[in-house]
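Okay, structure first, notes after.
The values are calculated or read from the model by the stated rules, or taken from the named source; none is laboratory data. Remember, it's a predicted structure, so these values are computed and weren't measured experimentally. Note that we place each Cβ from the backbone using ideal geometry, even for glycine, and neighbour counts take in every protein chain shown. Surface accessibility is based on the protein's heavy atoms, side chains included, excluding ligands, DNA and RNA. Shrake-Rupley method; radii C 1.70, N 1.55, O 1.52, S 1.80 Å.
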Amino acid sequence: MFTKKASEPINLDKVDTIIGKDTHVKGSIMSVGVVRIDGKVEGDILHRGDMIIGESGSVIATVKARNVVVAGEIQGNIEAEGKLELLTTGKVAGDIVSSSLVIADGAVFKGKSQPRSEDKPVNSRTKPVDQA
């Protein structure tokens, strides 16, 4: 009833988890809340919330999240339940499935894009994070 809708903007002032500029993570990540990545992540990311890839962020992974803002780099496929936004410095090399796609002037996108089917939530085939 009071859950955040996929189309609501990301609250940049409320970040729950930060992967810092000098941090390198290898493996699968499952999380909730708002996550900001300024370091490097390699693996799969299944996120039940909003994700921000900062300008220094580099992600080599399959990404599934509610809303995604990319100011850094993602190499891999992205599935966003709501909005995927590539900022001016953003770079994505991979296929995209999202409800909404915004690509700013200067952003780079190499891949295919298709609209997300409204009847299938992004994380529909996975257990809730707290039961993992």
Non-local residues with an amide H under 5 Å from the amide H of S113, with H modelled 1.01 Å from N and Pro and chain starts lacking one, are I96
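Taking the mean number of other Cβ atoms within 10 Å as a proxy for protection, how do you rank 89-96, 25-32 from highest to lowest?
Details: 89-96: 19.5, 25-32: 14.1.
Peptide ranking by packing, descending: 89-96, 25-32.
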In whole angstrom, the spacing between the Cα centers of the stretch 63-100 and the stretch 15-49 equals 14
Sequence order, the stretch 17-31: Karplus ³J(HN,Hα) from phi using 6.51 cos²θ - 1.76 cosθ + 1.60, θ = phi - 60°, Hz rounded, Gly and Pro as x, gives 9, 10, 9, x, 3, 9, 9, 10, 10, 10, x, 8, 10, 10, 8
The answer for V92, listing residues at least 5 apart or on another chain whose modeled amide H is closer than 5 Å to its amide H, is I74, V108, F109, K110
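Under a 1.4 Å probe, what is the accessible area of the stretch 44-111 per residue, stated in Å²?
Details: 2590 Å² over 68 residues.
The answer is 38 Å² per residue.
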Amide H proximity to V25 below 5 Å, modelled H, separation 5+ or other chain, gives K40, V41, E42
